[in-house]
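S.K.: Would you mind keeping the following structure in view while I ask a few things?
The values are calculated or read from the model by the stated rules, or taken from the named source; none is laboratory data. Note that the structure is predicted; figures quoted are calculated from it, not measured. Counting neighbours? That spans all protein chains shown, and the Cβs are built from the backbone with ideal geometry, glycine included. Quick note on the areas: whole protein, heavy atoms, side chains included, nothing else; ligands and nucleic acids left out. Shrake-Rupley method; radii C 1.70, N 1.55, O 1.52, S 1.80 Å.
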Amino acid sequence: MSTRLVILGLLKERPLYGYELKGIIERYMGDWTSIAFGSIYFALNKLTKEGLVREIAVQKEGSRPSRRVYEVTEAGRDEFTRLLRDVWLKDERTFFSFDVGLFFLRELPKKERIEYLRNRIESARRSLSYLDGHETEMLANPMVPPLASAIFSHSRYHAQAELSWLEELLQGMREEKYE
């Protein structure tokens with residue numbers, strides 16, 4: 001659903017071609033969404049068949065492949081609004097593959113378990129550091145809405161909680177609390 005929501009939302013702003021969509025998503029939304037390049041074209045084809053977007057031009061420059069320019073239809077605008085409302089009405093439960101690994105962690109030697117946790121803690125610290133610098137950079141760009149600061153804040157709270165939890169877990173492992 002997020003691929004559809006993102007594409008329709010971006011096309012509401014102005015007509016775009018697939019590669020432009022990819023660039024905007026990577027540049028301005030890459031920190032909080034993971035939309036694969038191939039899924040953009042798949043979604044554009046599906047949205048076109050459903051009458052939610054339409055192809056308005058095919059551009060050809062030199063020997064480069066042609067590019068199809070899309071715009072959102074009125075039905076697409078309605079679908080965007082429906083999808084946006086659904087996001088706000090739906091409770092999402094997040095499942096972490098890490099938790100499955102944690103369930104079976106006792107199968108690894110203690111030294112190895114502790115090393116994995118140390119690495120995970122360092123990774124969480126790097127993520128927090130990256131968020132701080134990247135937020136400043138992104139919010140300086142006029143293409144990024146001011147509300148994006150709330151998205152960075154949301155990510156930061158999750159990363160800080162993860163870091164605190166990992167540090168607590170490591171301390172518990174060292175104290176053999178989970179043995």
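S.K.: For region 30-179, give the percent of accessible area contributed by carbon and sulfur heavy atoms, probe 1.4 Å, rounded to a whole number.
M.R.: Carbon with sulfur: 55 percent of the solvent-accessible area.
S.K.: Taking 0.36 nm per residue of separation and subtracting the Cα-Cα distance, what length does fully extending ARG68 through LYS46 add?
M.R.: Working it through step by step, the gained length comes to 6.5 nm.
S.K.: Same structure again: Within 10 Å, count the other beta carbons around each residue, average over each peptide in 2-14, 51-63, and list them highest first.
M.R.: Most protected by this proxy first, the peptides run 2-14, 51-63.
S.K.: Right, another one. Within region 53-81, whose backbone N sits under 13 Å from a point 7 Å along Cα→Cβ of THR33?
M.R.: Hits in region 53-81 for THR33 at 13 Å: 80-81.
S.K.: Which length gain, in nm to one decimal place, applies between ARG85 and TYR130 when the Cα-Cα distance is subtracted from 0.36 nm times their residue separation?
M.R.: Computed gain between ARG85 and TYR130 is 13.1 nm.
S.K.: Take a quick pass over the chain and tell me how many lysine pairs come in under 21 angstrom between Cα atoms, counting only ones 8 or more apart or on separate chains.
M.R.: Going through the chain pair by pair, I get 8.
S.K.: State the label only: which of (i) 18.3; (ii) 21.0; (iii) 19.5 corresponds to Kirkwood radius over Cα pairs in Å computed from the shown model?
M.R.: So the structure-derived entry is (iii).
S.K.: Using a 1.4 Å probe, what is the accessible area per residue for region 31-82, in Å²?
M.R.: For region 31-82, the per-residue accessible area is 65 Å².
S.K.: Sort 76-82, 137-143, 113-119 by the packing proxy (mean of other Cβ within 10 Å over each peptide's residues), most packed first.
M.R.: Ranked by mean Cβ neighbours within 10 Å, highest first: 76-82, 113-119, 137-143.
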